[in-house]
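Chemist: Could you have a look at this structure, given as structure tokens, before my questions?
Any read-out appearing in this document is the output of simple, stated calculations on the displayed coordinates, not a laboratory observation. The structure displayed is predicted, hence computed values, not measured ones. In this analysis, Cβ positions are derived from the backbone assuming ideal geometry, glycine residues included, and neighbour counts consider all displayed protein chains.
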Amino acid sequence: MKLLRLLFIFLSVPLFAQQGGMWIPSLLEGMNETEMKNLGMKMSAKDIYDVNNASLKDAVPHFNGGCTSEVISNQGLLLTNHHCGYSQIQSHSSLENDYLEDGFWALKLEDELPNPGVTATFIVRIEDVTNQVLTGVTAEMPEADKQRKIEENMAQIVQTSPKEAWQENRVRTFYEGNQYMLFVVETFKDIRLVGTPPSSIGKFGSDTDNWMWPRHTGDFALFRIYADKNNRPAEYSEDNVPYTPKHFLPISLDGVAENDFTLVFGFPGTTDEYLPSIAIEQVINTVNPARIAIRDAALTIQDEYMRADPKIKIQYASKFARIANYWKKWKGETLGLTKSNAVGIKKKQEKDLINQINKKGKQKDYGDLLPKFNQYYSEIEPYKLAREYFLEVVLRNVELLRTGYQAYQLKQVYENRGTQSFEDRRDNLVKRLEGHFKNYSKQVDKEVFEALIQIYSEGVNKQFLPDSFQNLNAEKLTNEVYANSALVNYEAAKNLFEGDAETVIEKLNNDPAFKVVEEMATAYFENVAPKYEELNLLISGLQRDYMKALLELSPKDARIFPNANSTLRVTYGKVAGYSPADAIYYEPVTHLEGVMQKYIPGDYEFNVPQKLIDLYEAKDFGPYAENGKMPVNFIGTNHTTGGNSGSPAIDAHGNLIGLNFDRVWEGTMSDYYYDPTLSRNIMVDIRYVLFIVDKYAGATNLIEEMKLVHPKKGKRGKKKKK
């Protein structure tokens, strides 16, 4: 097999490693366009990104700031993942109308359900503003002064760069501060739920199958973008009309085959591909084990209650899925980093980089990078661990503590900004509490609190704990807090926040849950946060210089892509199976047959709706089957991460062939190290989406909106008559 240089001139990997990377769509011309065409792409770079003409970018909005979506009709019909719309589906659900359990389909526009606060953001144009951002920044400046000047320049660019009145300017950093890009965006704020399969399809396999392959999940949901009568963004109004997009994606009925070209377009969240080996060791040995243990304890308790009580199942469905998602991801990440020998490979790369630094006479500029990395990461480790415990226990997994922390922030606002700011913050908090308590179980949270507060007291370095946590009796503290705190009940909590600022603060100071949070927060912000921030700032500056060294000392054709930062990116590859272990090979496509093989009647994760069983047994697949089988999911070599959920999988001609929703477990380490032999993204076959919408839901009104094509046959698809 031919060999190529990947990223560093010193590391050779198989040819198809060309398929790694998350690339800025405005900079595809040249090397990337050539690579994509070598992989089979029939489009040009301008078909993907063009400022002056409609292009693929105009059909791919950021969904609600955390996922990706794609426009699939000229009436603003929006496709994303079921799990991306999960909280909206849950918010519309009740015991009487359980859309999580039964699904929902709007057969006409007036049936579509509004979702206050949900957004879809399109990229209008991207510009390089590096020189403007770095104006006045010198190498001699202290790191804090550099960052302050950069932030001032960014704010100025955001304020003065041209845009339309309904658009927004955003500046984002790339290559750890070596490049800056301006994004002009427009955000639509009237997004309505159009259709969702039941969770037994959209979440089939649930947490057991999450991050796994083979997969059989119909992870999709349909929304619609609404605009004002001028086709511009507007808040929800009954007078709004379906959005007319600049471009929407035609849908291919031809399916996929091994080695087919795939392009995934979306908004990947965060990656750290260029961390030094000591940082990866810290992830494997210190950070991930702590995170996993905390979430393992919380999930065990929640799962027990959800299986026993249908009401709690609905209340905690979204929360449980959110917590379990990264719990399992971190476990797979650790496995993949270990299996791929990421630490050893990075150490080899670092050794070779030192040789390049010495060879080019760059010791003065870069000679102390790696020694300083070792120093700073060793120093930050106990502070980073304490920070992770605080984030996981106080802010993410114990609801009472999170509510108490919001009250703690309210007190800080009063002390630092005064009465008016306090009242504004208090009013917003009370509004949010109503939604919070709708999905809250005191008994579930009480057990989670007891388990996690014990883990916190044992896992955090004693010098970082409040005095009251020394020799903690977790059971006694839990009983006292949940028996006497007003923050475990909506009416009591609302009463707690009534009155003027001083009255509210006095009541908070006497609340036992608030006391616990304030003690934990005070200990954290006095003993952990300052030193962590100091060291993290030094590490960030060092990472910028390290990135600069890589950019400078690598050859011109080195494939150095910027880390993900929730900006629009292109990643390309091919449909491909993989071998996760000796004597095991996974095919790249799964079918409805596999759903039936996993089917467990009435099971929380593997139940199958009777109608889907009937369609399967009758082989009533419409025009969406291939060789008599109904495709469900497929995998490819596209380099994805969180934020790519809902991203379109696009074929060589620019047509939609699938919907990205996950990665294989062994490849989750691609946030730190992309291994072409293990890294695979998982996609819903678009034909399965169409099959569910058409044959299962009978929502032919939606099928009729779409443009169905046969690119391999060169003709427009025809839907069969019923």
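Chemist: Taking a label point 7 Å from the Cα of Thr34 along the Cα→Cβ vector, which residues of the stretch 543-581 have an amide N closer than 15 Å to it?
Modeler: Under cut-off, by backbone N: 555-560.
Chemist: Right, next: Out of residues 5 or more away from Asp309 or on other chains, whose amide H comes under 5 Å of its own, with H placed 1.01 Å from N in the peptide plane?
Modeler: Residues meeting the criterion, in which the H sits 1.01 Å from N, do not exist here.
Chemist: Compute the distance from the alpha-carbon center of the stretch 50-76 to that of the stretch 635-702, in whole Å.
Modeler: Centre-to-centre (Cα) distance: 16 Å.
Chemist: How large is the charge dipole for the stretch 120-188, taken about the Cα centre, if only the Cβ atoms of Lys, Arg (+1) and Asp, Glu (-1) carry charge, to the nearest 20 debye?
Modeler: So the magnitude is around 100 debye.
Chemist: Which translational diffusion coefficient, to the nearest whole µm²/s, is obtained for the stretch 272-336 from the Stokes-Einstein equation, given a Kirkwood hydrodynamic radius over C-alpha pairs, 10 °C and 1.306 mPa s?
Modeler: Roughly 121 µm²/s, to the nearest whole number.
Chemist: Taking H placed 1.01 Å from N in the peptide plane, check which residues at least 5 places from Phe104 or on another chain put their amide H under 5 Å from its amide H.
Modeler: Thr196
Chemist: A further question on this structure: What size of dipole, in debye to the nearest 20, comes out for the stretch 484-572 about its Cα centre when the only charges are +1 on Lys and Arg C-beta atoms and -1 on Asp and Glu C-beta atoms?
Modeler: 820
Chemist: Given Lys442/Lys462; Lys57/Lys359; Lys339/Lys384; Lys446/Lys494; Lys346/Lys384, which pairs have Cα atoms separated by over 31 Å?
Modeler: Long pairs (Cα-Cα over 31 Å): Lys57/Lys359.
Chemist: Now for a different question. Return the distance in nm (one decimal) between the two label points of a simple spin-label model at Ser44 and Asn509, each offset 7 Å from Cα along Cα→Cβ.
Modeler: Each label point is offset 7 Å from its Cα along the Cβ direction, giving 7.1 nm.
Chemist: Checking a compactness column here: for the stretch 120-188, what do you get for Rg(Cα) / (2.2 N^0.38 Å), N being the number of residues?
Modeler: Its radius of gyration relative to the 2.2 N^0.38 Å reference: 1.18.
Chemist: Let me ask you something else. If I take every Cα pair under 8 Å that is 6 or more residues apart in the chain, average their sequence separation and divide by the length, what percent do I get for the relative contact order?
Modeler: So the answer I get is 24 percent.
Chemist: While we're looking at this one, here's another question. Residue by residue through the stretch 545-557, which ³J(HN,Hα) values in whole Hz follow from phi under the Karplus form 6.51 cos²θ - 1.76 cosθ + 1.60 (θ = phi - 60°), with glycine and proline marked x?
Modeler: 5, 5, 5, 4, 5, 4, 5, 6, 9, 7, x, 4, 8
Chemist: For a Förster distance of 22 Å, can you work out the FRET efficiency between the beta-carbons of Asp582 and Thr208, rounded to the nearest 0.05?
Modeler: 0.40
Chemist: Moving on. Name the aspartates and glutamates eligible as straight-distance cross-link partners of Lys431: C-alpha to C-alpha under 16 Å, and not fewer than 8 places from it in the same chain.
Modeler: Straight-distance partners of Lys431: Glu423, Glu491, Glu498.
Chemist: Taking θ as phi - 60°, what are the ³J(HN,Hα) couplings along the stretch 39-56 by the Karplus curve (6.51, -1.76, 1.60), each to the nearest whole Hz, with x for Gly and Pro?
Modeler: Residue by residue, the stretch 39-56 yields 7, x, 5, 9, 8, 9, 4, 6, 5, 8, 9, 8, 7, 8, 10, 4, 8, 4 Hz.
Chemist: What FRET efficiency comes out for the pair Lys372/Asp603, r = Cβ-Cβ distance, R0 = 45 Å, nearest 0.05?
Modeler: 0.30
Chemist: Helix-only mean residue ellipticity at 222 nm, the chain, DSSP H runs n ≥ 4 weighted -39,500 (n - 2.57), per residue, nearest 500. What is it?
Modeler: Calculated mean residue ellipticity at 222 nm is -13000 deg cm²/dmol.
Chemist: Here are some values of volume of the Cα convex hull per residue in Å³: [x] 197; [y] 173; [z] 184. Which one was computed from this structure?
Modeler: Given [x] 197; [y] 173; [z] 184, the calculated one carries the label [y].
Chemist: May I ask you to derive the FRET efficiency for Gln167 and Thr286 from their Cβ-Cβ distance with R0 = 51 Å, giving the value to the nearest 0.05?
Modeler: That pair, Gln167 with Thr286, gives E of 0.70.
Chemist: Return, for the Cα atoms of the stretch 110-224, the radius of gyration and Dmax in Å, separated by a comma.
Modeler: Here Rg and the maximum Cα pair distance are 21.2, 62 Å.
Chemist: If you average the sequence gap of Cα pairs under 8 Å that are 6 or more apart and divide by the length of the stretch 120-188, what percent do you get for the contact order?
Modeler: 48
Chemist: So what's the gap between the Cα centers of the stretch 186-234 and the stretch 339-382, to the nearest angstrom?
Modeler: Each part reduced to its Cα centre gives a spacing of 43 Å.
Chemist: If you don't mind, there's one more thing I want to ask. What are the ³J(HN,Hα) couplings of the stretch 71-82, residue after residue, when phi is run through the Karplus curve with 6.51, -1.76, 1.60 and θ = phi - 60°? Round to Hz, x for glycine and proline.
Modeler: 7, 10, 7, 7, 10, x, 5, 10, 10, 8, 7, 4
Chemist: Going toward the positive end of the dipole of the stretch 120-188, with +1 on Lys and Arg Cβ and -1 on Asp and Glu Cβ, which of Thr138, Phe183, Ile150 do you reach last?
Modeler: Phe183
Chemist: For Asn230 and Lys364 in one chain, what is 0.36 nm times their gap in residues minus the Cα-Cα distance, to one decimal in nm?
Modeler: Fully extending the segment from Asn230 to Lys364 adds 42.4 nm.
Chemist: Work out the length of the dipole vector of the stretch 249-366 about its Cα centre, built from +1 on the beta-carbon of each Lys and Arg and -1 on the beta-carbon of each Asp and Glu, and round it to the nearest 20 debye.
Modeler: About 500 debye.
Chemist: Compute the length gained on full extension between Asn701 and Phe525: take 0.36 nm times their separation in residues and subtract their Cα-Cα distance, giving the result in nm to one decimal.
Modeler: The span from Asn701 to Phe525 would gain 57.8 nm if fully extended.
Chemist: Starting from the Cα-Cα distance between Val51 and Glu258, subtract it from 0.36 nm times their residue separation and give me the gain in nm to one decimal.
Modeler: Length gained between Val51 and Glu258: 71.2 nm.
Chemist: Another one. Can you list the residues, at least 5 places off or on another chain, whose amide H is less than 5 Å from the amide H of Arg125, using H built in the peptide plane?
Modeler: Val184
Chemist: So, one more: Any chance you could check the Cα centroid distance between the stretch 97-132 and the stretch 605-628 for me, in angstrom?
Modeler: First find each Cα centre; the distance between them is then 29 Å.
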